[in-house]
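> Pasting in a structure now, in structure tokens, and then I'll have a few things to ask.
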Amino acid sequence: SPYTPLPLSTRPACFSASGSSSSSTEITLSETPNLKSQSSSSLEEQELVLKLKSSDIFEQETGLVLLRKITRTKEEARVSLCSPRLLSALRSLITSRYSVVQTNAIASLVNLSLEKSNKVVIVRSGFVPLLIDALKAGSSEAQEHAAGALFSLALEDENKMAIGVLGALQPLLHALRSESERTQHDSALALYHLSLIQSNRVKLVKLGAVLTLLSMVKSGDSASRVLLVLCNLAACPEGKSAMLDANAVAILVGMLRESELVCKATRENCVAALFALSHGSMRFKGLAKEARAVEVLRDVEERGSERAKDKAKRILQIMRDRKEDEDDEIDWEAALESGGLSRTRYRVGKDDFAANSTDF
């Protein structure tokens, strides 16, 4: 199926950074003997919560950098520290007017969100609106982590509808044009996973996402990732109609025609988007014919990657099947002329209706 999730990265791009560039405070466990000596996770959590709830900004930052470091390297700590008390303290710091505090708070949340068992808990704890605000108005680094957190949370099926309902789709669309490659990457993958469900597809279409995404494809901005979202939008009637209206077939075929200028992933995703559009659409064949898609798809079938070859072959088969269906249609006029049917008996027109109206 063209609509099943692809085996993409499940770690936000911002997680690849070893630490926040805005965090000058370096803290190790040896500098916090209380944390090092306590074997109980509850005491570790208590110590962190005290730091996060401190009115002193330096204490807040110290606690956040430590939390970020622990949750980055210790997977088991992500589960034990994702507690109501710590999440409550973290929530208040995401709205901090100090950019270093806000950035480290969101980065810590990204680390916590990597554990599957934490994803629903975090969304239900009210973090999504805060992440949306940070994505819209935070520093460049805070935006990177906010996009990464939304991507990480969107991986969980139970969160997809809630994130869409809470208003993340429009800011994520806007973030696709961010100057930060990490923000672009994580926003695109967040939208890909969110658009795997119907309600978010419809919302994106109503937000005008199709024109935005197609313009990015034409300009080459994050084309391979943007095409993943378009593949999902083509899976719903509203998205398919909007894409066909927006000349998507010609745009995608044009990208394939210039295959030497685009990367392998972009070529594969172009074919995947065309494959999604070809399903259940009577308009697709005509638009594909106008765009001279057959010759391009035959070239992909011969020289493309295995994934692209398979889809190109199936699109061509769909087009051939429809041509055969059209050729097999009964020529009723010829049948009538041949005497196989009585023209006067089966013809129903306004003249016949007028002639027979006196019988009633």
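The values are calculated or read from the model by the stated rules, or taken from the named source; none is laboratory data. From a predicted model like this one, the values you see are computed outputs, not experimental measurements. Virtual Cβ from ideal backbone geometry, glycine too; neighbours counted across all protein chains shown. For accessibility, only protein heavy atoms count, side chains too; no ligands or nucleic acids. Shrake-Rupley method; radii C 1.70, N 1.55, O 1.52, S 1.80 Å.
> In the range 83-105, which residues are under 17 Å from Lys119 (Cα atoms) and surrounded by fewer than 23 Cβ atoms within 10 Å (Cβ to Cβ)?
Ser83, Pro84, Arg85, Leu86, Leu87, Ser88, Arg91
> Restricting the first residue to the range 167-194 and requiring it to be within 20 Å of Ser139 (Cβ to Cβ) and assigned by the TED database to the domain that holds Leu131, which pairs with a second residue that is open to solvent by less than 10 Å² (accessible area, probe 1.4 Å) and part of a loop (DSSP other than H, G, I, E, B) meet a Cβ separation below 7 Å and a spacing of at least six or different chains?
Matching pairs, first to second residue: Gln184/Leu176; Asp186/Pro12; Ser187/Leu176.
> So, Leu213, is that one of a type outside the set (Gly, Ala, Ser), in contact (Cβ under 8 Å) with a residue 60 or more places away in the chain and under 24 Å from Val249 (Cβ atoms) or not?
no
> Can you say whether Glu158 is assigned by the TED database to the domain that holds Arg68, exposed (fewer than 15 other Cβ atoms within 10 Å of the Cβ), touching a residue at least 12 places away in the same chain (Cβ under 8 Å) and more than 22 Å from Arg225 (Cβ to Cβ), as far as the supplied structure shows? Before you say what the answer is, go through the steps one by one.
Numbers: assigned by the TED database to the domain that holds Arg68: yes; exposed (fewer than 15 other Cβ atoms within 10 Å of the Cβ): yes; touching a residue at least 12 places away in the same chain (Cβ under 8 Å): yes; more than 22 Å from Arg225 (Cβ to Cβ): yes.
Criteria met by Glu158.
Residue-by-condition table, conditions (1) under 17 Å from Phe151 (Cβ atoms); (2) buried (at least 24 other Cβ atoms within 10 Å of the Cβ):
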| position | (1), (2) |
| --- | --- |
| Ala190 | yes, yes |
| Gln198 | no, no |
| Lys203 | no, no |
| Lys218 | no, no |
| Ser224 | yes, no |
| Val229 | yes, yes |
| Val253 | no, no |
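> Of the numbered conditions (1) in contact (Cβ under 8 Å) with a residue 12 or more places away in the chain; (2) within 23 Å of Ser139 (Cα to Cα), Asp56 fails exactly one; give the number of that condition.
(1) is the only condition that Asp56 fails.
> Sticking with this one: Scanning the range 300-320 for residues that are surrounded by fewer than 18 Cβ atoms within 10 Å (Cβ to Cβ) and within 25 Å of the chain's Cα centre (by Cα), which turns out nearest to Phe284 (Cα to Cα)?
Arg314
> Restricting attention to the range 234-243, report how many residues are in a helix (DSSP H, G or I) and either in contact (Cβ under 8 Å) with a residue 60 or more places away in the chain or open to solvent by less than 10 Å² (accessible area, probe 1.4 Å) (or both).
So the answer is 2.
> Gly208 passes all but one of (1) at positive phi; (2) in contact (Cβ under 8 Å) with a residue 12 or more places away in the chain; which number fails?
Condition (2) is where Gly208 drops out.
> Still on this structure, I have one more. What is the one condition in (1) among the acidic types (Asp, Glu); (2) surrounded by fewer than 18 Cβ atoms within 10 Å (Cβ to Cβ); (3) in contact with a helix residue (DSSP H, G or I) (Cβ under 8 Å, 6 or more places away or on another chain) that Glu61 does not satisfy?
Answer for Glu61: the failing condition is (2).
> Still on this structure, I have one more. Within the range 122-133, identify whether any single residue is surrounded by fewer than 19 Cβ atoms within 10 Å (Cβ to Cβ) and touching an Asp or Glu at 6+ places or on another chain (Cβ under 8 Å), and answer yes or no.
No, the range 122-133 has no match at all.
> Hey, another quick one. Against the conditions (1) open to solvent by 50 Å² or more (accessible area, probe 1.4 Å); (2) under 14 Å from the mean Cα position of the chain (by Cα), where does Leu172 fall short? Just the number, please.
Here Leu172 meets the rest and fails (1).
> Give the residues of the range 175-188 that are over 17 Å from Val110 (Cβ atoms) and open to solvent by 10 Å² or more (accessible area, probe 1.4 Å), sorted by residue number.
Quick first cut of the range 175-188, residues over 17 Å from Val110 (Cβ atoms) only: 176-177, 179.
Matches in the range 175-188: Arg177, Glu179.
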